[in-house]
Amino acid sequence: MDNAVMDSDINLLSEDSIAKVRNLLACMESGDLEKTQDQFEELVEVRENEMYQEIGKLTRELHESINTFAQDESLLNIAEDEFPDARQRLAHVITMTDEAANNTLSAVEDSMPLCDNVISSTKEVESEWKRFSNRELTVNEFKTLSGNLQNYFTNNIENASKVNGLLTNVLMAQGFQDLTSQIIKRVISLVEEVEISMVDIIKLASSKTNETDNKKIDDPAALDGPVVPGLEASGTVSGQDEVDDLLSSLGF
Amino acid sequence: MAIDKNMKILIVDDFSTMRRIIKNLLRDLGFTNTDEADDGNTALPMLQTGKFDFLVTDWNMPGMQGIDLLKNVRADEKLASMPVLMVTAEQKREQIVEAAQAGVNGYIVKPFTAQTLKEKLDKIFERMDG
């Protein structure tokens, strides 16, 4: 745009323009209205021609920018494949966090009654035990307490092992953090890629001289991270069993 | 030969949550003597002190990746025979093959179960005995 202003300014200062202004002034001084109008219009025409040329140039550039945009395969690729892919990845993140939350909640819900059971059975035994310490129990009552204690021990071991197992479920459920982070990181790098492309397009459309440097986001190595269900992942195994099969085929 | 539950195990993963999960699972299996590192660059000097008997490592980490840590371990005369268990989200066949060729002793894909970890450890110890 700066160049356009400069070009027309130079034209406005050309010998030809100066002569036209002189003519215009002469006509005005001589009081010839008709000739004055003609000369004035001739002068304006110089400026108008410049304007049409500039509009033409801008139109062409816009057209080229749009073509470049349409032909840019990386953008096409992003729009056609990577965005739907990212959507699916993010949806998988929701599934994983949902599973983790539910597994954790289930484990907590199942643990609480087991702990309650330990508390109530301990209270029962404790009151009997106090009576025993105070030598208030008859022989028969002691026999009953002894039997109750045996049940109490068995019961507690069972309850504590169950709680232990449930806590392991809670522990394992936290694995989502690692896996979802890996997935989200990939989506972030896609967003960055789109951001850079958009900036390139804006630069291209707003300036005809500025060279755009096509910075590409580093491909995060060849590592793909967690496999997302529903997304094509060629050459991957589908779980631990296949890993074991593959390794045993290699002599492991 | 009984498994020495006092063996010192190094857990390498860039996510602290995963390190905690593995640490707690190992503790549940009786292995309480563990330490942690967040990538290969931190892990290798720790291993080179000679204080560790077993390595559990992730693959994809910033800095030195697990596969390179494994290769470094195998290339180090003093560490070469250390059992290495890889626990990773990478499940490309060619990567599993690469790890096997680099001399990994076990390969677990995330997400995994406590049972899987136990099985793989047992298998590694069985082979060490045999």
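The values are calculated or read from the model by the stated rules, or taken from the named source; none is laboratory data. Computed from a predicted model, the values in this text were never measured in an experiment. Cβ sites come from the backbone with ideal geometry, for glycine too, and all protein chains shown count toward neighbours.
Structure notes:
- Where residue A:225 falls short, out of the listed (1) touching a helix residue (DSSP H, G or I) at 6+ places or on another chain (Cβ under 6 Å); (2) small (Gly, Ala, Ser); (3) at pLDDT 85 or above: (3)
- All of A:140, A:164, A:117 fail the test of being surrounded by 15 or more Cβ atoms within 10 Å (Cβ to Cβ) and among the polar types (S, T, N, Q), apart from A:117.
- Residue satisfying all of: in the range B:90-122; farther than 16 Å from residue B:61 by Cα and acidic (Asp, Glu); surrounded by the fewest Cβ atoms within 10 Å (Cβ to Cβ) among these: B:94
- Filtered by the rule that a residue be in a helix (DSSP H, G or I), of a type outside the set (A, V, I, L, M) and either buried (at least 19 other Cβ atoms within 10 Å of the Cβ) or within 14 Å of chain A (Cβ to nearest Cβ) (or both), the range B:60-78 gives B:66, B:68.
- Condition broken by residue B:81, with the remaining ones in (1) in a loop (DSSP other than H, G, I, E, B); (2) in contact (Cβ under 8 Å) with a residue 40 or more places away in the chain satisfied: (2)
- Counted residues, the range B:90-126 - those being part of a helix (DSSP H, G or I) and of a type outside the set (A, V, I, L, M): 14
- Residue check, residue B:36 over 18 Å from residue B:128 (Cα atoms) and either within 12 Å of the chain's Cα centre (by Cα) or part of a loop (DSSP other than H, G, I, E, B) (or both): yes
- Condition met for residue A:166 (touching an Asp or Glu at 6+ places or on another chain (Cβ under 6 Å) and within 30 Å of residue B:38 (Cβ to Cβ)): yes
- Residue B:87 meets all of the listed conditions (1) surrounded by fewer than 21 Cβ atoms within 10 Å (Cβ to Cβ); (2) in contact (Cβ under 8 Å) with a residue 60 or more places away in the chain but one, namely (1).
- Residue count, the range A:164-189 (criterion: among the hydroxyl-bearing types (Ser, Thr, Tyr) and either at positive phi or more than 7 Å from chain B (Cβ to nearest Cβ) (or both)): 2
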